[in-house]
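K.L.:
Here it is, the structure, as structure tokens.
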Amino acid sequence: MKRLFSRRKKDETAAEASDAFVQPAQADGAPDPAAAAEETATDAGTDAPATEPMPAGPFDIADAPEGQARIDFGGLQVLPIDGLQISVDAERETRRLTGLNLVYRDTLIQLQAFAAPRRGGLWEDVRGRLRASLTAQDATTETRQGEFGTELHARIPVSSENSQARTYRPMRFIGVDGPRWMLRAVVSGQALRDDEIREDVERIIRSTVVVRGSGPMAPTEVIELSMPGATTDTTERNPYADVAHIQPGPAIAETR
């Protein structure tokens with residue numbers, strides 16, 4: 001089993017996700033704490049515990065690391081991690097596959113890739129429109145500098161049939177501009193209040209590979225996905241390349 005992390009805790013959960021461009025998913029959580037400080041030595045003359053370096057991604061397919069057996073969803077490729085569950089979003093009318101929902105240690109990570117202009121990034125504009133959309137839903141928003149640059153954090157009001165009190169769901173919106181594409185990740189759940197899980201989730205996002213293709217696409221057009229097929233690696237066959245039980249919609253498949 002290929003592992004991205006040394007930890008082996010396997011918490012499992014399922015969650016729903018929306019595939020709209022500016023519509024956030026609904027997932028429980030709490031306000032994101034301040035980013036954890038880098039680990040340092042606590043005793044004089046004692047080095048801090050060694051940690052795995054953060055990958056340099058997300059990657060364009062042209063720059064993706066070699067020798068990795070990734071699950072190939074066409075426009076997106078992800079590493080199979082112990083305890084990671086994957087479902088695929090599909091448009092209701094066309095059944096076109098538009099995004100991935102990754103569940104890891106009580107955290108939901110929504111991934112979508114979009115075409116971007118040849119010159120200039122897309123995330124700044126998308127972030128502004130996303131913030132306006134959330135504000136119209138009575139959500140509170142703020143921009144923060146995070147591991148991936150400028151991020152948007154929001155607290156979205158949620159109505160409850162059994163209570164008159166209004167509750168809020170915190171969300172973390174991440175955007176990464178690549179060559180002619182933008183990867184958007186929406187994070188909710190346990191990673192917003194647990195620094196260890198947050199670091200794991202950031203590694204999952206950073207290990208993602210985007211395959212835009214060379215054809216013409218309009219800016220903000222969703223890069224379409226496909227069900228897993230052939231291996232993406234020439235040195236090691238992807239053991240999950242032919243997994244038939246990864247299905248569109250709410251179905252969850254665990255990569256272990």
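The values are calculated or read from the model by the stated rules, or taken from the named source; none is laboratory data. All values derive from a computational prediction rather than experimental measurement. Cβ atoms come from the backbone with ideal geometry, glycine included; neighbour counts cover every protein chain shown. Protein only, heavy atoms only, side chains kept; ligands, DNA and RNA dropped before computing areas. Shrake-Rupley method; radii C 1.70, N 1.55, O 1.52, S 1.80 Å.
K.L.:
Which strands (runs of 3 or more DSSP E) does the stretch 83-160 wholly contain that include 2 or more residues that are surrounded by fewer than 18 Cβ atoms within 10 Å (Cβ to Cβ)?
P.N.:
140-146, 149-160
K.L.:
Is it fair to say GLU196 is open to solvent by 10 Å² or more (accessible area, probe 1.4 Å), assigned to a helix (DSSP H, G or I), modelled with pLDDT of 95 or more and not basic (Lys, Arg)?
P.N.:
Yes.
K.L.:
Could you list all residues from the stretch 161-193 that are of a type in the set (S, T, N, Q) and open to solvent by less than 60 Å² (accessible area, probe 1.4 Å)?
P.N.:
Of everything in the stretch 161-193, those that are of a type in the set (S, T, N, Q) and open to solvent by less than 60 Å² (accessible area, probe 1.4 Å) turn out to be SER163, SER188, GLN190.
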